[in-house]
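The values are calculated or read from the model by the stated rules, or taken from the named source; none is laboratory data. What you see is a predicted model, and the numbers here were worked out from it, not measured in a lab. Neighbour counts run over all protein chains shown; Cβ positions are idealised from the backbone, glycine included.
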Amino acid sequence: MKVKTVLIQLFLIFISVTCLFPLVWMFSTSLKTRSEVYTSRSLIPSHWNFDNYVKAWTEGNFSIYFLNSVIYTIAIVAGVVIVSTLAAYGFARLDFPLKNLFYYAFLVFMMIPIPGSFIPLYVLLVKLGIQNTRIGYILPMINSGLAVAIFILKGFFEEIPKELEEAAIMDGCNKFQIYYKIMFPLAMPAISTIIIFNTLSAWNEYILAAVNFTNPNLMPIQQGLVVFQGQYFTQYELLMAANVITTLPIILVYLALQKYIIKGITAGAIKG
């Protein structure tokens with residue numbers, strides 16, 4: 001084995017350990033008692049204390065925060081997939097005046113990050129009467145995920161042979177039937193990537209939620225975690241239990257679906 005290969009592997013092992021250690025420490029601390037947190041340096045708890053999870057789930061209202069995040073994530077991902085596939089199909093396959101101008105202008109404006117438009121966004125939500133509501137959070141989040149999704153899908157749709165559309169038209173399909181019977185199924189690798197990215201984004205989002213929500217019953221899990229930290233900032237075992245509840249679902253989703261990320265990103269670059 002070459003020295004260069006060994007050094008690269010050692011470096012990757014070091015990076016992996018560096019990234020995994022905080023997660024292991026978080027999980028270990030979440031299972032300790034309060035006294036053990038301050039007296040023991042071992043990563044293995046002497047007694048596995050699951051009461052921390054029960055207390056965080058019930059007293060910390062994480063049952064509400066968790067359900068809210070599930071609702072928001074599903075709604076945001078569904079909205080991004082529906083709008084981006086339709087828009088990308090239109091930009092890739094339909095001919096209309098100033099198509100390229102509209103496409104690049106759309107991407108530019110959609111790529112403006114939410115923090116850069118907080119003031120006009122907040123004023124708009126208030127004037128529309130949807131500030132501190134679920135829809136007032138979901139719509140801006142869908143908007144923030146469209147640019148990358150449309151960019152990926154447009155490239156994917158452009159690589160699909162036009163002969164498939166021509167054959168469908170000869171069979172009597174209209175444009176919308178071509179979209180949902182042919183284009184949408186063929187684009188599933190790219191759509192899977194978009195679903196994963198937007199699931200991660202929606203689950204981990206905090207800034208817009210902090211601007212939009214004041215009602216605790218509407219807060220997503222990341223905002224709820226901040227509220228919980230303010231209440232139990234000296235009880236590290238409860239804080240780590242809350243962090244595990246917040247982090248574990250998205251880690252499991254990523255591990256289960258990570259193979260689709262590379263497949264989806266590269267699919268549009270492979271010409272048949």
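Of the helices (runs of 4 or more DSSP H) lying entirely inside the range 124-194, those containing at least 2 residues that are more than 22 Å from Lys99 (Cα to Cα) and out of contact with any Gly (no Cβ under 6 Å at 6 or more places or on another chain) span 134-159, 162-170. Taking first residues from the range 123-140 that are closer than 18 Å to Ser201 by Cβ and partners that are crowded, with 16+ Cβ neighbours inside 10 Å and of a type in the set (Val, Ile, Thr), the Cβ contacts under 6 Å between residues at least 6 apart in sequence or on separate chains come to Gly136/Ile130; Ile138/Ile76.
Of all the residues in the range 1-21, those that are hydroxyl-bearing (Ser, Thr, Tyr) and under 29 Å from Ile251 (Cβ atoms) number 2.
For the range 139-150, check the following and say yes or no: at least one residue is surrounded by fewer than 19 Cβ atoms within 10 Å (Cβ to Cβ) and either within 30 Å of Ile169 (Cα to Cα) or of a type in the set (Asp, Glu) (or both). Checking the range 139-150: at least one residue is surrounded by fewer than 19 Cβ atoms within 10 Å (Cβ to Cβ) and either within 30 Å of Ile169 (Cα to Cα) or of a type in the set (Asp, Glu) (or both). Being exposed (fewer than 13 other Cβ atoms within 10 Å of the Cβ) and part of a helix (DSSP H, G or I) is the filter; apply it to the range 105-123 and report the residue that is modelled with the highest pLDDT. Across the range 105-123, the extreme among qualifying residues is Val123. Which ones in the range 85-104 are basic (Lys, Arg) and at pLDDT 85 or above? Once the filter is applied, which keeps residues that are basic (Lys, Arg) and at pLDDT 85 or above, the range 85-104 yields nothing. Mind checking whether some residue in the range 75-94 is part of a helix (DSSP H, G or I) and more than 30 Å from Ile191 (Cβ to Cβ)? No; the residues of the range 75-94 include none that is part of a helix (DSSP H, G or I) and more than 30 Å from Ile191 (Cβ to Cβ).
Looking only at residues of the range 17-63 that are part of a helix (DSSP H, G or I) and of a type in the set (Lys, Arg), we find that the one that is nearest to the chain's Cα centre (by Cα) is Lys55.
One residue stands out in the range 230-272 among those that are of a type in the set (Ser, Thr, Tyr) and at pLDDT 65 or above: the one that is farthest from Thr29 (Cα to Cα), namely Tyr260. Out of contact with any Leu (no Cβ under 8 Å at 6 or more places or on another chain), surrounded by 14 or more Cβ atoms within 10 Å (Cβ to Cβ) and free of Cβ contacts under 8 Å to residues at least 24 places away in the same chain: is that true of Ala168 in this structure? Answer is yes for this residue.
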